[in-house]
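To start, the structure itself, in structure tokens.
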Amino acid sequence: MVDDGYWSGSLENYYALGWDDFHAMFATRGAAMMTIGTWTFGATAAGFADSSDEWDWAPFPVLRDGGADAAYLLALGTTMSINASSGDPDAAAKVLDFIFSNKKVVLDMAADFNFGEFVVPLYFSADDIREDVSPQVKRYLVEFAEATGKGDYGYTTWTFWPADPGVHIWKDMEVVWAGDISVEDYMYDHQKMWDKARKKGELLPVGAR
Amino acid sequence: MIVAKYRKRELVSNYTILTILALTCILPIMLLFFNSIKPQEEFGINPLGFPITIRLANFVDAWIIGEYAQIFLNSTKLVIGTLILNLTVSGLAGFSLAKLYPRGSNAFLVYLLVGVSIPAQMFILPLFLMWKELGLMNTHLGLIIIYAGLNAPFATFLIRSYMIQLPDELFDAAKIDGANTLQLFYRIALPISWPVFLTTGLVVGLAVWNEFLFALTFVHDDSKKPIATILFAFQSRFENNWGLVNASAVMMMAPIVILFMFFQRRFIAGLTSGASKG
Amino acid sequence: MSIFFSKNSIAWYFILPVLAVHFMVVALPSLLSLALCLTDWNGFGKINYVGFENFYELFDDRYFKKAVWHNIIWTCLFLTVPIALALTCAYLLTGITKGQMLFRLCFFFPYMLASIISCQIWKYIFHPLYGLPAWLNSKGIDLIPAVSPFTMKETSLYAVAFVDGWHFWGFLVVIYITGMYQVDNSLYEAADIEGATKFQKFRFVTLPLIRPIFIFSIMIIIIWSIPTFDYVWILTQGGPAYSSEVLATNLYSQAFDRFNVGYSSAIGTLMFIYTIFIVSIFGVLRKLGWEI
């Protein structure tokens, strides 16, 4: 697929094109689709604002047999937490409570970012979402809630993997693409990193589904 | 000053070579200027040429969005602060190494030289932690101390190599008159050495103005950020308007270029005297 | 009491401020960092002593070895091309009268630019959509393919070296010109009388007399090429596929991307030893009488 130019036109283009380049290409029919996360909702919607074309999204298919219909991956884009060594954790807790006390305000703020940047930790229904939020984003919120409600979600590497394999998966992948290393050797290296992280107790805890 | 006389034929070929090289240096920079006054829409159709429409408002927009007034102030503060600290401590040291002959000065010079080649990445993390403990994090003072330290070797070497040439008789005469060492420094050495201090100031000032890595690491408040980080901010994913990015690059270089035009000889003299006396 | 005011002590008091500042900013953190090379610290957890394990791992680390090799290539590149160009330019410049200042300004201009600006300029010129090759292709001139050299593993290191060289060589030109100005005119005239060609005059008059400056430039290039980082990181981050990785970028990504602080300190230690080695060579040469 890469050699045929389906991806950015060429491997070199993939390296050279940046955020604005590929958004511009997508908005002007230069590219058929982008593989990217929900954080792009804002930029994408803006890119299509003046165009007669419409955009939409689809979840990644699950590649193995017997898996769910679609892959939704949880990342941690933003976190508001109480520092364990904070001098006044109760006060911090109060602040957090206050921030999320007014559902309408919170949803308003999230709507301004097209809901792509962060998951809102409140109960809300489809009716609570502001009118002017694009239908694509609304559909995302509803379907994502359904999927996660069923426990059908996974985790992104950059949030939940230990550092070494987390970097290895995207940085050293370039070496595989360049043909400098075989896939077997790459996976072998990868496994070694996981073993090392496991030994050092550096695996990140994930919450129960 | 003509060092070697050339025949006419040679002259033409010389000028050709020089012009070609000069163009390779200048044309890319001209491109930067052109792009800084191009409106964003034009980049798709005319990426490299002289702008079809000139949009000077790029500079205004960049100034406002980037809050240039504040940024310029920050960078100027950093430059002046660094120069005050750096020129003082390096001046004293340079004077001592040149005229007071401390024992073990060779070892000290080697220490400085080695210091130049330690990659910043190696000590930036411990330095970060140290600065946090000392409360110097996110302050201009903290950054000034860092810059003074980073530029200390160059400044000390330069000042020393200049002061070495100062005639001893001046100092001997003053000593006979009863001057102590400190007075020798600020009454005799300092006034005569103003050229090297000016030059050091220019070179160190340039380094501080253009410095990026430490500024990015040690200053986080937007209100305190210096100018190098502004370019970086423009390249973040929400703001990559080529016209504005280039306009801010031009604004960043403008003070340096102006200073350079005025102080050309000093700039050059400073770099070269470091080389010839090393 | 008098020892506090001896000539030597006073001389050292003058040096103390700069020593203190520099030590606190550079030496002390570096020493701490060196100490970390014997640990497996990840920047925030516990610090465990692991002896020389990091160094054994480095021996097997194929990307570290690539980085070492790339640094050597980098040094060689910078010891040849910019020096040759700068010498030529400086020599030619000293022979003309008109436009000297203008030429000097042109050559020195890139040196005044911050690294991010130089990188921005050249990244743009080589951009596959907006850059020079793309523009030429759109006009039908298909000599150069519209591929950015920063994105091809065969050319990435050289492309980055080109940009850094473009920025740096003006500094060399300026240094060499100053050195050449100090050469006595009469020597050239004597050579003219003997019928020397331009090249011979350069080789037998100019070059020997600018030797101190020339040796200095060699030393400074070698020393400055060891921690080279800015241009590589901004343009390619050491990629693609580690094809432009150098020691400093390897150190940086190990420390700040992968949180292998102990490991990266080991890289730093090796860089440090390398530097000491180079500096000592020059020190030895100096002792042997070479003017440096």
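Taken together, the values in this text are just the output of simple stated rules run on the coordinates, not laboratory data. What you see is a predicted model; the values in this text were computed from it and never measured. Virtual Cβ from ideal backbone geometry, glycine too; neighbours counted across all protein chains shown.
Helix B:105-116 against the longest principal axis of chain B: what's the angle in degrees, Cα atoms only, rounded to the nearest 10? Helix B:105-116 sits at roughly 10 degrees to that axis.
Just from its helices, what would the mean residue ellipticity at 222 nm be for chain B, if runs of 4 or more DSSP H residues each count -39500 (n - 2.57) and the sum is divided by every residue, rounded to the nearest 500 deg cm²/dmol?
On the way: 11 runs with 194 residues, N = 278.
Computed mean residue ellipticity for chain B: -23500 deg cm²/dmol.
Tell me the Kirkwood hydrodynamic radius of chain C in angstroms, computed as one over the mean inverse distance between distinct C-alpha pairs. Hydrodynamic radius (Kirkwood, Cα pairs) of chain C is 22.6 Å. You can think of it this way: the chain between B:Phe262 and B:Val110 has 51.3 nm of extra reach, that is 0.36 nm per residue less the Cα-Cα gap. Hydrodynamic estimate: the Kirkwood radius of chain A over Cα pairs, inserted into Stokes-Einstein at 20 °C and 1.002 mPa s, corresponds to D of 105 µm²/s. Filter the cross-link list A:Lys192/C:Lys65; A:Lys199/B:Lys225; B:Lys132/C:Lys123; A:Lys196/C:Lys123 down to pairs whose alpha-carbon distance in this structure exceeds 30 Å. The pairs that break the limit, which is 30 Å between Cα atoms, are A:Lys199/B:Lys225; B:Lys132/C:Lys123; A:Lys196/C:Lys123.
Can you give the Rg to Rh ratio of the range C:1-141, both from alpha-carbon atoms, with Rh computed by the Kirkwood formula?
Values: Rg = 25.6 Å, Rh = 22.1 Å.
Taking Rg over the Kirkwood Rh, I get 1.16.
Sort the following peptides by mean Cβ neighbour count (other Cβ atoms within 10 Å, averaged over residues), highest first: C:142-148, A:110-116.
A:110-116, C:142-148
Taking the empirical scaling 2.2 N^0.38 Å for compact globular proteins as reference, the protein assembly as shown has a Cα radius of gyration ratio of 1.07.
When N is the residue count of the range B:5-92, what does its C-alpha Rg come to as a fraction of 2.2 N^0.38 Å? List each step's numbers first, then the result.
Working: Rg = 21.4 Å, N = 88, 2.2 N^0.38 = 12.1 Å.
Cα Rg divided by the expected 2.2 N^0.38 Å: 1.77.
Could you tell me the calculated FRET efficiency between A:Met187 and A:Val120, based on Cβ-Cβ distance and R0 = 35 angstrom, to the nearest 0.05? Before the final figure, lay out each step's value.
Working: r = 38 Å, r/R0 = 1.08.
Approximately 0.40, to the nearest 0.05.
Shape summary: the range A:55-138 maps onto an equivalent ellipsoid whose semi-axes, from the alpha-carbon gyration tensor, are 30, 20, 10 Å in decreasing order. The calculated FRET efficiency for A:Thr159 paired with A:Asp69, based on their beta-carbon distance and R0 = 25 Å, is about 0.60. May I ask for the percentage of alpha-carbon pairs in the range C:234-292 that lie more than 14 Å from each other? For the range C:234-292, the fraction of Cα-Cα distances above 14 Å is 65 percent. Out of all Cα-Cα pairs in the range B:8-56, roughly what percent, to the nearest whole number, are more than 12 Å apart? So the portion of pairs separated by more than 12 Å is 65 percent.
Summing Lys, Arg as +1 and Asp, Glu as -1, what charge do residues with Cβ under 15 Å from the Cβ of C:Thr269 carry, C:Thr269 excluded? Spell out each step's value before the answer.
Working: positive: none; negative: C:Asp40, C:Glu53, C:Glu57, C:Asp61.
Once all neighbours under 15 Å are counted, the net charge is -4.
Here the alpha carbons of chain B define both size measures, Rg and Dmax, at 23.0, 76 Å.
Here the range B:51-193 is treated as an ellipsoid with the same Cα gyration tensor; its semi-axes, largest first and in whole Å, are 39, 22, 15.
Working note: Debye formula, equal point scatterers on the alpha-carbon atoms of the range A:11-69, no solvent; log10 I(q)/I(0) at q = 0.15, 0.24, 0.27, 0.28 Å⁻¹ is -0.54, -1.02, -1.17, -1.23. Working from Cα pairs under 8 Å separated by at least six residues, relative contact order for chain A is 17 percent. Find which of C:Leu129, C:Ser148, C:Leu113 sits farthest along the positive direction of the dipole of chain C, computed with +1 on the beta-carbon of Lys and Arg, -1 on that of Asp and Glu, about the Cα centre. Working it through, the farthest residue towards the positive pole turns out to be C:Leu113.
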